[in-house]
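Asker: Before I ask anything, here is the structure I am working with.
The values are calculated or read from the model by the stated rules, or taken from the named source; none is laboratory data. Owing to the predicted nature of the structure, the values given are computational and were not obtained by experimental measurement. Neighbour counts run over all protein chains shown; Cβ positions are idealised from the backbone, glycine included. SASA here: full protein model, heavy atoms, side chains in, ligands and nucleic acids out. Shrake-Rupley method; radii C 1.70, N 1.55, O 1.52, S 1.80 Å.
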Amino acid sequence: QVRLVESGGGLVQPGGSLRLSCVASGSISSFNTMGWYRQAPGKQRELVALITSGRTTNYADYVQGRLTISRDRTKHTVYLQMNGLKPENAAVYYCTYRRLGATYWGQGTQVTVTS
C-alpha cells in the first residue's frame with residue numbers, strides 16, 4: 001500500500017503561482033510514475049502531468065508551458081509548479097502514484113483562482 005499526502009493548494013489571484021507537493025510513503029518501489037490529475041466541478045478527472053522514476057515527463061496538451069512537474073526521488077515527492085494561473089485552472093488536484101499492477105490516489109488539494 002502507498003499513501004499520498006498532497007499540500008500547497010489554496011486561493012490565488014489570476015496570474016499568480018502555486019507549488020503543489022505530494023509525498024509518497026509505504027511500499028515505494030524503485031520504478032514508478034507519479035503525477036497530477038485535476039477535477040473541476042461537474043467535470044471528469046483529467047490528466048495534468050506525469051513523471052517517471054527516470055524523470056520522463058508527460059503533460060496534457062492544455063498545459064502550454066505554464067506548469068512544470070518535477071520530483072525528488074530521495075524524498076519520494078512530486079511537485080507541480082503552476083505559474084500564470086487562470087480561473088479555468090481552478091480544480092481539486094489529485095496526486096497519483098503508479099507501479100506495476102497498482103495505482104494510488106491522494107485525497108486532493110483545492111486550487112482556487114479568483115480575483
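Asker: Can you tell me which residues in segment 26-67 are under 19 Å from residue 92 (Cα atoms) and either part of a loop (DSSP other than H, G, I, E, B) or basic (Lys, Arg) (or both)?
Answerer: Those that are under 19 Å from residue 92 (Cα atoms) and either part of a loop (DSSP other than H, G, I, E, B) or basic (Lys, Arg) (or both): 38, 40, 41, 42, 43, 44, 45, 60, 66.
Asker: Suppose we filter segment 93-115 for residues that are more than 18 Å from residue 3 (Cβ to Cβ) and modelled with pLDDT of 95 or more; how many remain?
Answerer: 4
Asker: Here's another thing I want to ask about it. Restricting the search to segment 58-79, which residues are surrounded by 15 or more Cβ atoms within 10 Å (Cβ to Cβ) and within 22 Å of residue 30 (Cβ to Cβ)?
Answerer: The answer is 69, 71, 76, 77, 78, 79.
Asker: I would also like to ask the following. Looking for whichever is open to solvent by 40 Å² or more (accessible area, probe 1.4 Å), touching a residue at least 60 places away in the same chain (Cβ under 8 Å) and of a type in the set (Ser, Thr, Tyr) here; the options are 25, 7. Which one fits?
Answerer: 7
Asker: If we scan segment 107-115, do we find a residue that is of a type outside the set (A, V, I, L, M), touching an Asp or Glu at 6+ places or on another chain (Cβ under 6 Å) and either open to solvent by 10 Å² or more (accessible area, probe 1.4 Å) or more than 19 Å from residue 8 (Cα to Cα) (or both)?
Answerer: Within segment 107-115 (the criterion being of a type outside the set (A, V, I, L, M), touching an Asp or Glu at 6+ places or on another chain (Cβ under 6 Å) and either open to solvent by 10 Å² or more (accessible area, probe 1.4 Å) or more than 19 Å from residue 8 (Cα to Cα) (or both)), the answer is yes, since at least one residue qualifies.
Asker: Restricting to segment 28-57, and then to whatever is open to solvent by 30 Å² or more (accessible area, probe 1.4 Å) and small (Gly, Ala, Ser), can you tell me which residue is modelled with the highest pLDDT?
Answerer: Among those residues, the one meeting the criterion is 42.
Each row is one residue, and each column tells you yes or no for (1) closer than 20 Å to residue 108 by Cα; (2) under 12 Å from the mean Cα position of the chain (by Cα).
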residue	(1), (2)
3	yes, no
19	yes, yes
33	yes, yes
62	no, no
74	no, no
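Asker: Can residue 84 be described as open to solvent by 50 Å² or more (accessible area, probe 1.4 Å) and either outside any strand (DSSP E or B) or under 18 Å from residue 22 (Cα atoms) (or both)?
Answerer: Here the answer is no, as residue 84 does not meet what is asked.
Asker: So, one more: Test residue 21 against the criterion of being out of contact with any helix residue (DSSP H, G or I) (no Cβ under 7 Å at 6 or more places or on another chain), among the hydroxyl-bearing types (Ser, Thr, Tyr) and modelled with pLDDT of 95 or more, and give yes or no.
Answerer: yes
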